[in-house]
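Written out below as structure tokens is the structure these notes cover.
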Amino acid sequence: MEFRKAVETDLNDMINIIRQAQAYFKEHKINQWQDNYPNVGTISNDIDNKNSYVLLKYDNIVATVAVSFDGEKTYDSIYEGQWISNNEYAVIHRIAVDNNFKGLGLSSQIIKNIELICLNKGVYSIRVDTHEDNLSMQKLLKKNKFQYCGIIYLETGSKRIAFEKTLY
């Protein structure tokens with residue numbers, strides 16, 4: 001398995017994985033990643049900003065994720081809880097695994113790779129948010145020792161539950 005920064009030629013494979021995730025959410029009545037988000041423009045911007053990564057198996061893209069070290073404006077206000085740390089942090093966005101490779105622990109492998117990137121940058125905190133109905137993401141986060149911190153609201157006003165993991 002190879003974890004690397006995404007490049008523009010990865011875009012179609014990444015979008016196919018994102019669309020699978022959107023269909024999964026729709027089928028399970030989870031109101032996340034609907035209304036044409038994320039879209040080609042979103043993922044293309046992630047690639048252009050060097051925030052996009054892919055996981056490859058046998059030279060095929062099997063998962064995608066965005067990791068940002070630029071902070072997250074919507075994390076400035078957290079309700080019914082608090083962040084664990086006030087330090088610099090990475091943010092995980094748009095993690096998705098190809099349907100043909102689900103259940104193999106690839107999302108956990110992605111998180112381990114992100115942790116290594118953070119440690120190499122001297123960043124010891126990772127934050128992430130998800131929809132309250134996205135139980136598979138919550139299970140993944142708990143399995144990887146993220147702690148529930150509270151509620152945040154996206155710029156659209158949508159409620160999300162927020163998690164953080166420190167790497168001390």
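Laboratory data are not the source of any read-out in this text; all were calculated from the coordinates shown. Since we're looking at a predicted model, the values are computed, not measured. Virtual Cβ from ideal backbone geometry, glycine too; neighbours counted across all protein chains shown.
Mind telling me which of 58, 148, 37 comes out most flexible in a GNM of the chain, alpha-carbon contacts under 10 Å?
58
Please report, to one decimal in angstroms, the Kirkwood hydrodynamic radius of region 65-144 built from all distinct Cα-Cα pairs. Don't skip to the answer; put the middle values down first.
Numbers: mean 1/r = 0.0728 Å⁻¹.
That comes to 13.7 Å for region 65-144.
Take the alpha-carbon centre of region 19-49, take the same for region 110-168, and report the distance between them in whole Å.
Spelled out, the Cα-based centre of one part sits 18 Å from the other.
Pop a pseudo-label 7 angstrom from the Cα along the beta-carbon direction at both residue 16 and residue 154 and give the gap in nm to one decimal.
Simple spin-label model gives 2.5 nm for this pair.
Compute the relative contact order of the chain as a whole-number percentage, counting only Cα pairs closer than 8 Å that sit 6 or more residues apart in sequence. Walk me through the intermediate numbers first.
Values: 267 pairs, mean separation 36.5, N = 168.
Relative contact order here is 22 percent.
Which distance in nm do the two modelled labels at residue 73 and residue 29 give, with both placed 7 Å along the Cα-to-Cβ direction?
The modelled label-to-label distance comes out at 3.4 nm.
Provide the convex hull volume over Cα atoms per residue for the chain, in Å³.
Working: hull volume 18.8 nm³, N = 168.
Enclosed volume per residue, from the Cα hull, is 112 Å³.
Arranged from highest to lowest average of other beta-carbon atoms within 10 Å per residue, in what order do the peptides 154-165, 71-82 appear?
Numbers: 154-165: 15.8, 71-82: 13.0.
The packing order, highest mean first, is 154-165, 71-82.
Work out, step by step, the length gained on full extension between residue 4 and residue 59: first 0.36 nm times the residue separation, then minus their alpha carbon distance; give nm to one decimal. Let's see the in-between values first.
Values: separation 55, 0.36 × 55 = 19.80 nm, distance 1.14 nm.
The span from residue 4 to residue 59 would gain 18.7 nm if fully extended.
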